[in-house]
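Here the structure comes first, spelled out in C-alpha cells, and everything after it is commentary.
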Amino acid sequence: MRKIILSFTLLLGLFALNGCASQNETKRYSRTTLSAGFDTAITLHAYCESQSEFDEYFALAEKTFLHYNRLFDNYHTYEGVNNVKTINDHAGKEAISVDAELFDLIVLAKEYAQLSDQRFDISYGAVLSLWHDAREAALADPENAQLPNQEELETARAYTGFAYVELEESSHQVYLNDPRASLDLGGIAKGYAAQKCAEALKEAGLKSGIVDAGGNVKLIGTKPEGDWNVGIQIPDPAAQSSTSLLQVALPKETSLVTSGDYQRYFEVDGVRYHHIIDPATAMPATYARSVTVICEDSTIADILSTTLFTMSYEEGLALIENLKAQGIQAEAIWVYDDTCKAPSEADRKKSGDYEIIATSQIQKQITYQ
C-alpha cells in the first residue's frame, strides 16, 4: 500500500497531551517512528510508570504495524507471506490461501461495498494503480506531471467490482478471476492495524494511551486527568499539525479517522489531484475538504471516512443513519470552504475560512477555534 506522501502534516492534531500526568505515579511518554510501515508516521502516546515500560509498549506497537503492513501490502512481497500483492500477482491464474485476518478483512470490505452502493470498493486496485503511477511520476518530475490516461482509466474501471473476487471461506482462499483485476486495501488497512495495535497494547497491560497512525487515531482507555481532546486540522498542506479548526472532547475509548484532500496529492497545470478516488468517476472526490468519522472501531472509522469523502453530505448522512439502524454507531464531521461549498440546508458552523457540519450527537462535544 505504498503511497506518495507530498506532505507529512498529520491529519489530526492531538492537543490535550502536553505535559506529564501524575495519577497512580504515571507519566505521559511519546515516541514516533517512520519505519513501521504504511508510509506514514506512527506515534504512540502512553501513560506509564517508567521509560522501560513505555519502551516495551512501543516495541509491541512497531511489531504490530510491521506485521500488518506486510500482510496488506499490494506493492511488495515478503518471504513466507501471502499478502495482497500475492493475490494480485496470481489474478486470473490461481486462488491464493491467505491468513485468516486478511481473508476476514476482505469479507468485511465486501460487506461495506454493498452497504455503500460500491462507493467503498477495495476491488478498485486497477484504477488506483494508474493514479499511483501518476503520483510517482509527478514526484520524480513535477514539471512534466500528467494525469492518468482517461481511456486507460475507463478500461481499468471495467475490471472492478466483487464479481471479480471469489472467496472460499473454508480454506481462506482468494481468487481474482481476471488477470486485469486487483485489490487495494488502502482505505481500510491502516485503521485495522491501529485497532489491532490498540488491542495488543491493552492485552499487554496498557491502561491509557493513543495510537496515531498518520491521522488514524485510536484512543485506549480513559485519560488520567480528564477527557481526551482531539483537534481536527485545517485542510491546508501549509498548515502546521497543531493548527486546528476545532477540538472534540471524548471521555472514553474510541477511534477518529480523517480523510482529506490536503495530505497526499500532486499537481498538474496548477491543479491539485489528491489520492482519494471516487469510484463513481475514477477521479479524485470533490465533495468536501475533509471528513472525520468517530466510532468505537478504528477499522470501521477508516472505511467510513473514506466512503463519506466520496459522497455528498446527504448521501453520507443517509449512510450513517442506515448503519445506526443496524446497530453501528458512528458520528461524522465535514469540512468545507469556498472551493467545496457546504450544502446550504445543513446546520453549519464557521471556523476561520471554513464551514463545518457535524452529526447531531457529536455537536455538543465540539469546541470551535
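The values are calculated or read from the model by the stated rules, or taken from the named source; none is laboratory data. In this text the structure is predicted, and so the values were computed from the model without any measurement. Positions of Cβ are generated from backbone atoms using ideal geometry, with glycine treated the same way; all protein chains shown enter the neighbour counts. For the accessible areas, the whole protein counts, side chains as well, though only heavy atoms, and no ligand, DNA or RNA atoms are used. Shrake-Rupley method; radii C 1.70, N 1.55, O 1.52, S 1.80 Å.
Annotations for the structure displayed:
- For T281: the one exception among (1) modelled with pLDDT of 95 or more; (2) open to solvent by 10 Å² or more (accessible area, probe 1.4 Å): (1)
- Qualifying residue in region 297-304 (condition: open to solvent by 10 Å² or more (accessible area, probe 1.4 Å), out of contact with any Lys or Arg (no Cβ under 8 Å at 6 or more places or on another chain) and either of a type in the set (S, T, N, Q) or assigned to a loop (DSSP other than H, G, I, E, B) (or both)): yes
- Test result for A91, surrounded by 19 or more Cβ atoms within 10 Å (Cβ to Cβ), in contact with a Ser or Thr (Cβ under 8 Å, 6 or more places away or on another chain) and of a type outside the set (D, E, K, R): yes
- Hits in region 100-117 - residues which are surrounded by fewer than 16 Cβ atoms within 10 Å (Cβ to Cβ) and either in a loop (DSSP other than H, G, I, E, B) or in contact with a Ser or Thr (Cβ under 6 Å, 6 or more places away or on another chain) (or both): D117
- Within region 126-151, residues that are in a helix (DSSP H, G or I) reach partners that are of a type in the set (D, E) with beta carbons closer than 8 Å, at six or more positions or on different chains, in the pairs L128/D184; S129/D184; L130/E152; A138/E267; P142/E267.
- The set of residues from region 321-330 being surrounded by fewer than 22 Cβ atoms within 10 Å (Cβ to Cβ) and either in contact with a Gly (Cβ under 8 Å, 6 or more places away or on another chain) or not basic (K, R) (or both) comprises E321, N322, L323, A325, Q326, G327, I328, Q329.
- When L11, L44, L34 are screened for being within 22 Å of G214 (Cα to Cα), under 21 Å from the mean Cα position of the chain (by Cα), modelled with pLDDT under 90 and not small (G, A, S), only L11 passes.
- Residue count for region 30-39 satisfying the condition of being open to solvent by 30 Å² or more (accessible area, probe 1.4 Å), of a type in the set (S, T, Y) and in a strand (DSSP E or B): 2.
- Hey, Y164 surrounded by 15 or more Cβ atoms within 10 Å (Cβ to Cβ), over 24 Å from D39 (Cβ atoms) and in contact with a Leu (Cβ under 6 Å, 6 or more places away or on another chain) or not: yes
- Being loosely packed, with under 14 Cβ neighbours inside 10 Å and touching a Ser or Thr at 6+ places or on another chain (Cβ under 9 Å) holds for only one residue in T367, T339, T292, T307, and it is T339.
- Residue count for region 211-240 under the criterion of being open to solvent by 10 Å² or more (accessible area, probe 1.4 Å), under 23 Å from K350 (Cβ atoms) and in a strand (DSSP E or B): the result is 1.
- Yes/no for Y159 being open to solvent by 30 Å² or more (accessible area, probe 1.4 Å), in contact with a Lys or Arg (Cβ under 7 Å, 6 or more places away or on another chain), over 18 Å from H274 (Cβ atoms) and touching a residue at least 24 places away in the same chain (Cβ under 8 Å): yes
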